[in-house]
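Encoded as structure tokens, the structure appears first; notes follow it.
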Amino acid sequence: MNKGKSFEELEVGMAVSIEHEVSEQDVQDFARVSGDYNPLHMDEEFAKATPFGGRIAHGALTASYISAILGNDLPGPGAIFTDLELKFRRPVRIGDKVTAVAEVQEKIERGNRVVLAVKCEVDGKAVVKGIAKVMVPGRAEG
């Protein structure tokens, strides 16, 4: 298991990125787990008649790649979301390679809290962008 970073080890400017190619199985699994079977995500014929011209992945699936960074790498195990604000800018399609990035913007001593700029990109264009606030274990807690 990845140890991650304690509050004391974090520094403004630290960043982590991960890449994930969205697969048909990802969309199917996310629908099953979330219960979101919107035909925009599941039915190509339905989705062709929308402004997107075809199926798109769930926005929350894309946002979950940010959660993976925060829970696994930066800050890592023990980090807890306290606030998440996201703007969805572009659709993500099956087969897209999504790069998720989180960067420490601010450390708040009271309560060991960290503010991170977060985003997901496809081909260098933002598809999701926002701010995450997390509570981070201190050195003695981890």
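Where a number appears in this text, it was derived from the coordinates with a stated rule and is not lab data. Just so we're clear, the structure is a prediction, and the values are computed from it rather than from any experiment. Backbone-built Cβ (ideal geometry, glycine too); neighbour counts: all protein chains shown.
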The helix 24-34 Cα axis meets the longest alpha-carbon principal axis of the chain at an angle in degrees, between 0 and 90 and rounded to 10, of 70 degrees
Compute the helix-to-body angle for 59-72: its Cα long axis versus the longest principal axis of the chain, expressed 0 to 90° and rounded to tens.
30 degrees
For the stretch 64-142, which GluC sites (Glu not before Pro) are in a loop by DSSP, counting at most 16 other Cβ atoms within 10 Å?
Glu109, Glu141
Listed residue pairs exceeding 26 Å between alpha carbons, taken from Lys97/Lys129; Lys3/Lys119; Lys5/Lys125; Lys87/Lys133:
Lys5/Lys125
Only Lys, Arg (+1) and Asp, Glu (-1) charged, at Cβ; the chain dipole about Cα centre in debye:
340 debye
Which aspartates and glutamates, on any chain, are close to Lys107 with Cα under 13 Å apart, when same-chain ones fewer than 8 places away are left out?
Glu8, Glu9, Glu11
Loop-located trypsin sites (Lys or Arg not before Pro) in the stretch 47-142, at most 11 other Cβ atoms within 10 Å (DSSP):
Arg110, Arg139
